[in-house]
Amino acid sequence: MQGRPLLGSSLMMIKRHAAVVAPMAGLLLGFLDFVWIKYLPSPLGDLGNSLATWAVAAFLLTYLHRWHLPAGIAAAIVCLVVAVPSYYLAAALIQNDDWSNLYNTTALMWMGFGVVAGVVFGGGGVLARTSGMLRLSALALPAAVLFAEGVVHLRRITDANYEASEQWAYASLVFVLGLLITLLISRTWRDRLLALAWSVPLTAGGWLLLTLASFR
């Protein structure tokens, strides 16, 4: 009889923990993201303008915490949604951008993308540390989104609107980061190899979605 109250109490603590961590993480992600873009040179600075960077942040948030799937997804969504006005807040404070950017149509659009990314990558972060059949494909998500963004930049090399050397440099950077994060979050070499194998179709799907969303 005492087990159920204890279990309920533990679940409430987990949910409260997520409710505190997620908005704080969002505030830090958005603010530091702007600082990163403003003060670091290319190609490192370009990571701040990256959809993939925010998606990986949502994944790592839930992967590093022992939240259940609903709490993890909710936390990732809150983190990414809060990060958007936090980014524009930093821009307003640091370089006197318009304060209306915190709530204009563009900000609302990015919050919408944050909801979608929070569901996919927040859920992926939870599944990646379970023993279920989706674990390996979930482990592949960070690499896949980075690789997909790398493909987008590689395809820009022949576009006269972009500097070819900059596109090469950024694509190389995100490919290396994709390999590195897979190495770090996977426990065995078998998991790493299988996660990278899973990343191939997921990269193709990610690139297609980015293209359909006009990120090309």
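The values are calculated or read from the model by the stated rules, or taken from the named source; none is laboratory data. This structure is a prediction, so every number in the text was calculated from the model and none was measured. Don't worry about glycine lacking a Cβ; one is built from the backbone with ideal geometry, like all the others, and counts go over all protein chains shown. With ligands, DNA and RNA removed, areas are computed over all heavy atoms of the protein, side chains included. Shrake-Rupley method; radii C 1.70, N 1.55, O 1.52, S 1.80 Å.
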Residue 169 versus residue 36: modelled label distance in nm, points set 7 Å from Cα along the beta carbon direction: 1.8 nm
Theoretical ellipticity at 222 nm over the chain - DSSP helices of four or more residues, -39500 (n - 2.57) apiece, nearest 500: -25000 deg cm²/dmol
Bins of 10 Å, starting at 0 and running to the largest distance - Cα pair percent for the range 35-133: 17, 40, 31, 11, 1
Centre separation in Å (Cα based) which lies between the range 25-50 and the range 141-208: 19 Å
Computed accessible area, residue 36, all protein chains, 1.4 angstrom probe, square angstrom: 100 Å²
Student exercise, the range 76-185 dipole from Lys, Arg, Asp, Glu Cβ charges, in Debye to nearest 20: 520 debye
Dipole magnitude of the chain about its Cα centre (Cβ charges: Lys, Arg +1; Asp, Glu -1), debye to nearest 20: 1020 debye
